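All remarks here apply to the structure that follows.
What follows is calculated from the coordinates using simple rules that are stated; it is not laboratory data. Source: prediction; values computed, not measured. Note: ideal-geometry Cβ built from the backbone for every residue, glycine included; neighbour counts use all protein chains shown.
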Amino acid sequence: MNALLETRGLTARYGDFQALFGVDMQLDAGETVAIIGANGAGKTTLMRSIAGVLVNGPDEVAFDGQPIGALPAAQVMARGIAMVPEGRKLFPSLSVEENLLMGCFGRKVEGPWRLETVYGLFPVLKERRNNPGTALSGGQQQMVAIGRALMSNPRVLLCDEISLGLAPVVIRDIYAAFPQIRAAGASLVIVEQDIGQALKVADRVYCMMEGRVTLSGRPAELSREDIHAAYFGVHA
Amino acid sequence: MIWVDTIVQGVLLGGLYALFAAGLSLVFGVMRLVNLAHGDLIVLGAFLILVIVSALGLNPFLAALVAMPVMFCLGWGLQYVVLNRTLGDDILPPLLVTFGLSIVIQNALLEGFSADSRRISVGGLEAASVSLGPIAVGVMPLLTFLSAVAVIVALNALFYRTALGRAFRATSDDPVTAGLMGVDPKRLFATATGIAMIVVTIAALYLGTRSNIDPTIGPARLIYAFEAVIIGGLGSFWGTLAGGVIIGVAQTMGAAINPEWQILAGHVAFLLVLLLRPRGLFPRAND
């Protein structure tokens, strides 16, 4: 069966440093896939490669059967892959609403997500729509970042470390929005350091270590020991 | 009363400097690019208007309208083909390249138009004046100032009320993340420089009609433009207008005391502002 999004033998390097060594992963339509792994495992590099921030060989990333590995970020985005970047990366010069509007820059998009529905998903953002994006709390900023990515009505939403630096109760609030995002038609790739959270939301999990996929499968099929070994490289 | 007159003339002169500076401010605000050829591009624009006036027999104001799309395309191409390659973490390449460009433009103009100084005639409007109460102000200086205000209002509206302006500000904050939003920074920067060249054309119209131009006068305009931008605070258009006015008033006040002090007084005002407010009068909060 044809995957919606697929990487085949994906390699990535920063100068002399090779960060990914032949990563194969798949995302089927309607699925949520979690990528877990320790710091430096290559999770963010994988996301940046898919999103076009890092340019790869054309056939190393395929979306809808089309090679997109060599496309720059703007064109990848135009095809329907949006990313919530690590660290949120709101535009400090823009208000909350302007940040959201940047998500659908320069195109008319059909779909469920527009300003009103994003405000419906995260009502607190409507109250603070005219504040500078960076004046919000960390959790609210993360909501802006997710809403901004949704504004393009992506078919694939890449979420990089959305719980990083947030309190557990805030993380729960944010993940509470995910069923609605999935129901609206987006397939998700989630990078998550919190293994428990990842296993809870994902249909399938890939564990990475040192630039390679060391384990993959459905959460129910993976034992704690397997994950531990794939995560740290040693048996507990 | 003589001082009121001096200040009014200074404010109007400041409009001209603000026009010189607005394009520079825009380009710096969007892509942190210091264009050392900015003054020469203004002179180039003035010669272009001169050519259109003499070739088509148009009124200079209409000729400037004709020149605007030409200058926009020139700016777009210059940014897309040349200047985009110089942008990066290192601030030296854009300085070197635009410095080189400045020399190229000056010498090309020298080849094409010789070193003779010229002037764009506006058919007697140069000498016309209107009375504002007890003070007589020249029609051209008044038009210059009103144009400067109009340009600043238009640039502010563009930046804060349109999707393009939102993209300018977002890309200025963070080009990589703007790319994730579907912005192609290279094309966006080219558009910004194109718009700056439209402002340059307006500045060129008033430069060429109010004073003599020859191929070598660009760098001095660059200095005034630079000072206006720095006084106002980087990235603030109203600040740029204020900066232009401060230099203009300082120059006319200096000249009123002693004609030799005109240029010097402008520079001294600039240094004083730097001393008291190193980030300018209206700096952006997040730079």
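Rounded, prolate or oblate for segment B:48-187? Axes are the square roots of the Cα gyration tensor eigenvalues, ordered a ≥ b ≥ c, and the cut-off for rounded is a/c under 1.5.
Details: a/c = 2.41, a/b = 1.45, b/c = 1.67.
Oblate, because a/c is 1.5 or more while a/b does not exceed b/c.
If you take every DSSP beta bridge whose two residues both sit in the protein assembly as shown, what share of them, in percent to the nearest 5, is antiparallel? Kindly include the intermediate steps, with their values, before the conclusion.
Numbers: 23 of 41 bridges.
Expressed as a percentage, antiparallel bridges in the protein assembly as shown total about 55.
How much length is gained on full extension from A:Ser137 to A:Asp226, taking 0.36 nm per residue of separation minus their Cα-Cα distance? Write down the numbers at each step before the final one.
On the way: separation 89, 0.36 × 89 = 32.04 nm, distance 3.68 nm.
Contour length minus Cα-Cα distance gives 28.4 nm.
Counting only C-alpha contacts under 8 Å and six or more residues apart, can you give the relative contact order of chain B as a whole percent? Provide the component values of the computation, followed by the final result.
Numbers: 479 pairs, mean separation 106.9, N = 287.
Relative contact order, chain B: 37 percent.
Using θ = phi - 60° and the Karplus curve 6.51 cos²θ - 1.76 cosθ + 1.60, what whole-Hz ³J(HN,Hα) does each residue of segment A:218-227 get, with Gly and Pro shown as x?
Here the 3J(HN,Hα) series is 7, x, 5, 8, 9, 8, 4, 5, 4, 5 Hz.
Each residue of segment A:56-61 in turn: what ³J(HN,Hα) in whole Hz from Karplus with 6.51, -1.76, 1.60 and θ = phi - 60°, glycine and Pro shown as x?
10, x, x, 8, 6, 10
Counting each DSSP H run of 4 or more residues in the protein assembly as shown as -39500 (n - 2.57), what helix-only mean residue ellipticity at 222 nm follows after dividing by all residues, to the nearest 500 deg cm²/dmol?
On the way: 21 runs with 284 residues, N = 523.
Theoretical 222 nm ellipticity from helices: -17500 deg cm²/dmol.
Could you tell me the center-to-center distance, by alpha carbons, between segment B:21-95 and segment A:146-186 in angstrom?
Here the answer is 44 Å between Cα centres.
Step through the residues of segment B:33-41 one at a time and calculate ³J(HN,Hα) from phi using the Karplus curve (6.51 cos²θ - 1.76 cosθ + 1.60, θ = phi - 60°), rounding each to whole Hz and writing x for Gly and Pro.
For segment B:33-41, the Karplus curve yields 9, 8, 9, 6, 8, 4, x, 5, 5 Hz.
Under 19 Å between alpha carbons, and skipping anything fewer than 8 positions from A:Lys200 in its own chain: which aspartates and glutamates qualify?
Reachable aspartates and glutamates: A:Asp28, A:Glu31, A:Asp160, A:Glu161, A:Asp173, A:Glu192, A:Glu221, A:Glu225, A:Asp226.
Would you mind finding the longest exposed-site-free stretch of chain A, with exposed GluC sites (Glu not before Pro) meaning DSSP loop and at most 15 other Cβ atoms within 10 Å? The partial results should precede the final answer.
Numbers: sites that count: A:Glu110, A:Glu210.
Counting at most 15 other Cβ atoms within 10 Å as exposed, the longest clean stretch of chain A is A:1-109.
Taking neighbour Cβ counts within 10 Å as the exposure measure, how do B:Asp173, A:Asp16 sort from fewest upward? Before the final figure, lay out the partial values.
Details: B:Asp173 18, A:Asp16 5.
Placing the least packed residue first, the sequence is A:Asp16, B:Asp173.
Compute the signed sum of charges (Lys and Arg +1, Asp and Glu -1) over the other residues within less than 11 Å, Cβ to Cβ, of B:Gln106.
Values: positive: none; negative: B:Asp40, B:Glu111, B:Asp214.
Within the 11 Å Cβ shell, the charges total -3.
Only bridges whose two residues both fall in chain A count here: according to DSSP, what percent of them are antiparallel, nearest 5? Walk me through the intermediate numbers first.
Values: 18 of 36 bridges.
Beta bridges within chain A, antiparallel portion: roughly 50 percent.
Loop only by DSSP, 15 or fewer other Cβ within 10 Å of the Cβ. Give me the trypsin sites (Lys or Arg not before Pro) in segment B:182-287 that pass, ordered by residue number. Numbers along the way, then the final one.
On the way: sites: B:Lys186, B:Arg187, B:Arg210, B:Arg221, B:Arg279, B:Arg284; in loops: B:Arg279, B:Arg284.
The qualifying sites are B:Arg279.
Is the shape of segment A:67-187 best called rounded, prolate or oblate, per the rule: a/c under 1.5 gives rounded, else a/b larger than b/c gives prolate, else oblate, with a ≥ b ≥ c the square roots of the Cα gyration tensor eigenvalues? If you can, show how the numbers build up before the last one.
Numbers: a/c = 1.44, a/b = 1.34, b/c = 1.08.
Cα axes put segment A:67-187 in the rounded bin.
Over 25 Å between C-alpha atoms is what I'm after, so list which of A:Lys43/B:Lys186; A:Lys43/A:Lys89; A:Lys126/B:Lys186; A:Lys43/A:Lys108 land there.
On the way: A:Lys43/B:Lys186 28 Å; A:Lys43/A:Lys89 17 Å; A:Lys126/B:Lys186 33 Å; A:Lys43/A:Lys108 31 Å.
In this structure, A:Lys43/B:Lys186; A:Lys126/B:Lys186; A:Lys43/A:Lys108 lie more than 25 Å apart at Cα.
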